[in-house]
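The values are calculated or read from the model by the stated rules, or taken from the named source; none is laboratory data. Computed from a predicted model, the values in this text were never measured in an experiment. Don't worry about glycine lacking a Cβ; one is built from the backbone with ideal geometry, like all the others, and counts go over all protein chains shown.
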Amino acid sequence: MSTTDQQDLVQYCEQVAQAARQASVEMVRCSIAQRNQWLTDSANQLRMRLDEILAANQKDLEAAPSYGLTDAQVDRLVLSEERVSGIAQALEEIAALEDPVGEVIESRDRPNGLKINKVRVPLGVVFFVYESRPNVTADAAAICIKSGNAVILRGGKEAAYSSRAIVEILTDTARQAGLPENTVQLVEPLDREAVGHFLQLDQYIDLAIPRGGEGLIRRVAAEAKMPVIKHFTGNCHVYVDQAADLEMARSIVVNSKCHRLGVCNACESMLVHEQVAAEFLPVVVEALQSQGIEIRGDEATRQHVQDIAAAADDDYGREYLGPIISVCIVDSVQAAIAHVNQYGSHHTDAIVSRDVEAIEAFTNEVDSSAVMVNASTRFNDGGEFGLGAEIGISTDKFHARGPCGLKELTTYKYVAYGDGQLRQ
């Protein structure tokens, strides 16, 4: 890139960020009725302009081979009438959610007569960087604007035409609903340097959210001057306790692993209590192998099940995102907890048990954004948790953890009401 081109790119990024900052200031004056009107109008227009969206998506699909996408990546890229309808329905569901902005989180009356309210307010400007899933374009914009924020979207080149078609619809309806200009902006330069420039603009951007592969997330976390909501990997566990209902455990393990392989809340490692290993392992291994899953087990596991690969130590820390699962036998719930906390990624971990004390220990001591009790790891999801569409799942502890919905895109301020009080 020439010096002139570099200067032009820097200027472009700053102009976009400045425009988003101005939009976020103006958004404070917009009512929830306007924001909800935008969501429902956008849903209607997505359905009405289906042909336009599918034509754009076809251009992305034609270009997909040149990007070397896998079959799974191409599948995530594909839009159809059913999928566009699903995107529209998600916007309507977000419109139906309670407005988080202005909520009084807590209130107290002081002896001097001051009334102190802690009030939920928007963050301001969100920079959202994501890879080739065009449905995420609409989801991210919807959740940002419903929570009163402006958003800068930087999607992957693989879905460039689809994202552009969707954002054109969103900006048209935003204008009609009376939302500020530049409330939603799509970054047009698709080179990596644009991302780097935006990540330096903390004077305009309040939060960066990367959603995609580990490399993208680590880059954003390393370069960003503003806070980042992130998770690097999803190395999720299911622990089958000695007090587990073994048929329930089998179905939970299979669902957690096989429902969708390439997602962050899929089970990558199974822990089994030694007291039930002889009975449970042959059954669950057969069920997993029937789904095409390769088993990599420790020495104790291989004594119960033949013809499975030996697990190396680094297998227990891996996010496979594919048809492989690691297995380890443990002698107690405490050993399971220690294993999860050592090898896990603080994303989603599950226990299958009828023992109240084991469940309490696991839920209290496992350091993850979500702990599932007698349920699949696949439920750690904004929609499944009743948050509406999520903008991501955070394994951080500040400022948000777990599925990030509307409230996670807000902060708060204190508003004190008085009647002439003076501090003595």
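So how many residues does segment 339-354 have that are within 18 Å of A277 (Cβ to Cβ) and either of a type in the set (A, V, I, L, M, F, W, C) or in contact with a Ser or Thr (Cβ under 6 Å, 6 or more places away or on another chain) (or both)?
4
Quick check on S256: is it part of a helix (DSSP H, G or I) and in contact with a strand residue (DSSP E or B) (Cβ under 8 Å, 6 or more places away or on another chain)?
It is true that S256 is part of a helix (DSSP H, G or I) and in contact with a strand residue (DSSP E or B) (Cβ under 8 Å, 6 or more places away or on another chain).
Out of the residues in segment 64-108 that are over 30 Å from A416 (Cα atoms) and charged (D, E, K, R), state the one that is nearest to the chain's Cα centre (by Cα).
Taking the candidates together, the pick is R76.
Name, by its number, the condition in (1) under 30 Å from S24 (Cβ atoms); (2) touching a residue at least 12 places away in the same chain (Cβ under 8 Å) that does not hold for C328.
Only one criterion is unmet by C328, namely (1).
Inside segment 185-235, can you point out the residues that are out of contact with any Lys or Arg (no Cβ under 8 Å at 6 or more places or on another chain) and small (G, A, S)?
G196, A208, G212, G213, G215, A222, A224, G234
Sort out which residues of segment 305-323 are surrounded by fewer than 17 Cβ atoms within 10 Å (Cβ to Cβ) and free of Cβ contacts under 8 Å to residues at least 40 places away in the same chain, and write them in order of number.
Within segment 305-323, Q306, D307, A309, A310, A312, D313, D314 qualify.
Is it the case that some residue within segment 21-32 is crowded, with 16+ Cβ neighbours inside 10 Å, of a type in the set (S, T, Y) and farther than 22 Å from G386 by Cβ?
yes
Among the residues of segment 187-210, how many are of a type in the set (G, A, S) and either surrounded by 22 or more Cβ atoms within 10 Å (Cβ to Cβ) or closer than 17 Å to T410 by Cα (or both)? Talk me through it step by step, then tell me what you get.
The initial filter retains those residues of segment 187-210 that are of a type in the set (G, A, S), namely 194, 196, 208.
Subsequent filtering for residues that are either surrounded by 22 or more Cβ atoms within 10 Å (Cβ to Cβ) or closer than 17 Å to T410 by Cα (or both) retains 208.
The qualifying residues number 1.
Among what's in segment 299-325 and is in a helix (DSSP H, G or I) and within 22 Å of F232 (Cα to Cα), pick the residue that is nearest to the chain's Cα centre (by Cα). Spell out the reasoning first.
Residues of segment 299-325 in a helix (DSSP H, G or I): 299-304, 313-317.
Keeping just the survivors that are within 22 Å of F232 (Cα to Cα) gives 313-317.
Details: D313: 28, D314: 25, D315: 24, Y316: 23, G317: 21 Å.
Across segment 299-325, the extreme among qualifying residues is G317.
Condition first: of a type outside the set (A, V, I, L, M, F, W, C) and part of a strand (DSSP E or B). Now tell me which residues in segment 376-424 satisfy that.
S394, G402, P403, T410, T411, Y412, K413, Y414, Y417
With the requirement that a residue be buried (at least 24 other Cβ atoms within 10 Å of the Cβ) and either out of contact with any Ser or Thr (no Cβ under 7 Å at 6 or more places or on another chain) or free of Cβ contacts under 8 Å to residues at least 24 places away in the same chain (or both), what does segment 126-138 give you?
If the condition is that a residue be buried (at least 24 other Cβ atoms within 10 Å of the Cβ) and either out of contact with any Ser or Thr (no Cβ under 7 Å at 6 or more places or on another chain) or free of Cβ contacts under 8 Å to residues at least 24 places away in the same chain (or both), then V126, F127, F128, V129, V136, A138 are the ones that fit.
If I filter segment 389-403 down to residues being surrounded by fewer than 22 Cβ atoms within 10 Å (Cβ to Cβ) and not acidic (D, E), which single residue comes out as nearest to V126 (Cα to Cα)?
Among them, the one singled out is H399.
Quick check: is even one residue across segment 399-413 in contact (Cβ under 8 Å) with a residue 40 or more places away in the chain and over 24 Å from the mean Cα position of the chain (by Cα)?
Looking for residues that are in contact (Cβ under 8 Å) with a residue 40 or more places away in the chain and over 24 Å from the mean Cα position of the chain (by Cα), one finds at least one in segment 399-413, hence yes.
For segment 217-241, how many residues meet the condition of being within 20 Å of N341 (Cβ to Cβ) and in contact with a helix residue (DSSP H, G or I) (Cβ under 8 Å, 6 or more places away or on another chain)?
Total satisfying the criteria: 11.
Search segment 157-200 for residues being touching a residue at least 60 places away in the same chain (Cβ under 8 Å) and of a type in the set (K, R), and hand back the single one that is nearest to R29 (Cα to Cα).
If we take residues in segment 157-200 being touching a residue at least 60 places away in the same chain (Cβ under 8 Å) and of a type in the set (K, R), then R164 is nearest to R29 (Cα to Cα).
Out of all the residues in segment 57-77, is one or more within 26 Å of E181 (Cβ to Cβ), in a helix (DSSP H, G or I) and not aromatic (F, W, Y)?
Within segment 57-77, not a single residue is within 26 Å of E181 (Cβ to Cβ), in a helix (DSSP H, G or I) and not aromatic (F, W, Y).
Out of the residues in segment 1-25 that are charged (D, E, K, R) and more than 27 Å from the chain's Cα centre (by Cα), state the one that is farthest from L91 (Cα to Cα).
The qualifying residue farthest from L91 (Cα to Cα) is D5.
Which residue, of S85, S80, S107, is without any contact (Cβ under 8 Å) to a residue 12 or more places away in the chain and either closer than 28 Å to R175 by Cβ or not basic (K, R) (or both)? First the steps, then the outcome.
Values: S85 fails: without any contact (Cβ under 8 Å) to a residue 12 or more places away in the chain; S80 fails: without any contact (Cβ under 8 Å) to a residue 12 or more places away in the chain.
Only one candidate passes the filter, namely S107.
If the requirement is being surrounded by 14 or more Cβ atoms within 10 Å (Cβ to Cβ), farther than 22 Å from Q45 by Cα and touching a strand residue (DSSP E or B) at 6+ places or on another chain (Cβ under 7 Å), which of these qualifies: I152, I116?
I116
Residue by residue through segment 269-292, note down the ones that are touching a helix residue (DSSP H, G or I) at 6+ places or on another chain (Cβ under 6 Å) and part of a loop (DSSP other than H, G, I, E, B).
Selection gives Q291 alone.
What's the total number of residues in segment 26-54 that are in a helix (DSSP H, G or I) and without any contact (Cβ under 8 Å) to a residue 12 or more places away in the chain?
Qualifying residue count, segment 26-54: 3.
Filter segment 239-264 down to residues that are at pLDDT below 95 and among the aliphatic types (A, V, I, L, M) and give me whichever is surrounded by the fewest Cβ atoms within 10 Å (Cβ to Cβ).
The residue in question is V263.
Those residues that are among the β-branched types (V, I, T) and surrounded by 13 or more Cβ atoms within 10 Å (Cβ to Cβ), I need them from segment 57-104; list them, please.
Listed by number, the residues that qualify are V74, V78, V84, I87, I94, V101.
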